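Written out below as C-alpha cells is the structure these notes cover.
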Amino acid sequence: MRYLELYNSYDFTIEKAEGVYIYDQEGNKYFDTFAGIGVMALGHSHPEVVDAISDKLHKYAHTSNYFLDQDTERVAELITDPGDKAFFVNSGTEATELALKIIKKKIGEGKILFFSNSFHGRSLGALSVNGFSGIRDQFKPLLPDTIEAEFNDLESLKETAAQNPEIKAVFFEPLQGSGGVQPASAEFVAELNKQIEQNDWILAVDEVQAGLYRTAERYSYKHFDLKPDLITAAKALGGGLPLGAVVMKGEMTEVLEPGDHGSTFAPNPLALRGAKVVLEKLETMEASIAERGEYFLNKLKELESDKIKEVRGIGLMLGIELKEEIPDLRDQAQAEGVLLNIVKGKVIRFLPALNITKFEIDELVEKLKKII
C-alpha cells in the first residue's frame, strides 16, 4: 500500500452518508456519533449544502487570492461581532498558526502560556502550544518561549504566572475536546481572568471544535465569562470542506499588514458557499441545539452501567468517561451499528450532527445500552 497509514481506520469502505448515518458497500448502516469529528454540523449530504456547493462549482472552483469571492464578507459577518475582523485559512491548525503569528508580532519575545490536555493542531507552531506531550515532545525543539500549566489547576496557574512575568499571551481551549470533553471550572476561569487583567495578557480562545453553535452558543467561551482577543475556528465552518478562520478583536485587528500572511487556497470559494448555508441555518438553531443537548445529556446520565465514571459536556458536545479502558470497545460498537470516537483511551466523545432528532438520540442511547 503506497498511502502512508497514520490513522486507525475503520475496516470498511463508505458507499454513501446521509444525515447521522454512514453506509458501507455491503449495505450495512452505521450511526455516526461524531459527524466527521465535529465537521458535519448539519449531518452528511445535507441537500441545501450540497446544492449550494454544486452551484458554485459549476461557476468556478478556484480563483486564487487575487479575487475577493462574493461570499467572503457574508461569512465573515456570520462569525464576527461589529468591529471585528476575520481572516480565512484552510484548517484549525492553520488558524492556530495565524493566531500565533499575530501574537508573536504583537508581543515580540514575550512568552505564550498554554495548558495540559489542550489540543491546537499538529504543525510545528501548533505543537508548541499543544498540551499532549506524547505527540509534541518528539518534535522538539519547537517554538521558544511557550510554557505549559496544568488545566483546571489553580495553583499551577498562579505559580506559572508568578514565576514567568514574561508571559504576554495565553492560548486557551475552554471546553477541551481531545482532552476528554472537559470544561474549564468556574474557579479556574475566574483566576485566568484575574491573571489576564493584572498582566495584560492577550487571550486566544480555541473554538475549532466547540465553536460554531456546538454548545448552542456561537462560541463556547460565552459559557465561561471570557473576553478573547483572538478566536480560532474551523471544522464545521466549511460545510464539509476545509475552511478555518481567525477572528481578531480590538487592537488585534491592526496587527497584520499586507504581505504578513496569505494562502493560495483560502478562502476556498466552494467552502465559503457551504459555510454561508451552514452558518445561516445554525444561527437560527441555538434554542433547539440547547434543548436537544440537554435531552441527550439526560439520556446518557440515565444509562445504568458500572463502567461509567462520569457524563459531561455542553450542548451537543458530550462525553462519557469510563472508569477504565474497555478493550475493543470501538469494534464492539461497530458490530452494533455505531461508530464511536474514543479520546484519552476511555472517554467516548459525542459530536453528533447539530440537527440530530430526539428520535435519533433515543435510537443511539438504546444501542449504547447494549455496548456499555
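With 0.36 nm allotted per residue and the present C-alpha distance subtracted, the ARG122-ASN193 stretch has 22.8 nm of extension available. Helices meeting the span-like rule in the chain (full DSSP H runs, Cα extent of at least 15 Å along the helix axis, mean Kyte-Doolittle score of -0.5 or higher): 47-59, 92-107, 269-282, 358-371. In the context of the full set of protein chains, residues of the chain present 47 Å² of accessible surface per residue (probe radius 1.4 Å, heavy atoms only). If you compute P(r) over Cα pairs in 20 Å bins from 0, in percent for the structure shown, which of (1) 28, 59, 13, 0; (2) 23, 33, 21, 14, 5, 3, 0; (3) 26, 49, 22, 4 do you land on? Among (1) 28, 59, 13, 0; (2) 23, 33, 21, 14, 5, 3, 0; (3) 26, 49, 22, 4, the one calculated here is (1). Just how much of GLU159 is accessible, in Å², when a 1.4 Å probe is used and the result is rounded to the nearest 10? Only protein atoms counted, so the area is about 100 Å². Test of understanding: extend the Cα→C-beta vector of GLU166 to 7 Å, then name every residue of region 200-241 with backbone N under 18 Å from that spot. Only 200-202 pass the distance filter. Measuring nothing but how far apart in sequence close Cα pairs (under 8 Å, 6+ apart) lie, relative to its length, region 49-279 scores a relative contact order of 30 percent.
Stretching the chain fully between LYS369 and SER45 yields a gain of 113.8 nm (0.36 nm per residue, less the alpha carbon separation). For region 161-264, GluC sites (Glu not before Pro) meeting the loop criterion (DSSP other than H, G, I, E, B) and having at most 16 other Cβ atoms within 10 Å: GLU166.
Need the C-alpha centroid separation for region 32-81 versus region 309-365, integer Å. Distance between centres, Cα-based: 27 Å.
Taking each residue as 0.36 nm, the span from GLU77 to GLU325 lengthens on full extension beyond its C-alpha to C-alpha distance by 84.9 nm. Output the pairs from LYS85/LYS106; LYS168/LYS227; LYS16/LYS370 with a Cα-Cα distance over 19 Å in this structure; if there are none, say none. Beyond 19 Å: LYS16/LYS370.
If you sort the three axes of the alpha carbon gyration tensor as a ≥ b ≥ c, you get a/c of 1.5 or more for region 225-326 and a/b above b/c, which makes it prolate. At a Förster distance of 35 Å, what's the computed FRET efficiency of ARG2 paired with THR284, Cβ-Cβ distance as r, to 0.05? The computed FRET efficiency comes out at 0.15. Counting only residues at least eight positions apart within a chain, or on another chain, the aspartates and glutamates with an alpha carbon under 13 Å from that of LYS111 are ASP145, GLU148, GLU166, ASP200.
The values are calculated or read from the model by the stated rules, or taken from the named source; none is laboratory data. Model, not experiment: these values are computed from the prediction. Because the Cβ atoms are built from the backbone with ideal geometry, glycine has one as well, and the counts that use them run over all protein chains shown. Accessible surface areas use protein heavy atoms only, side chains included; no ligands, DNA or RNA. Shrake-Rupley method; radii C 1.70, N 1.55, O 1.52, S 1.80 Å.
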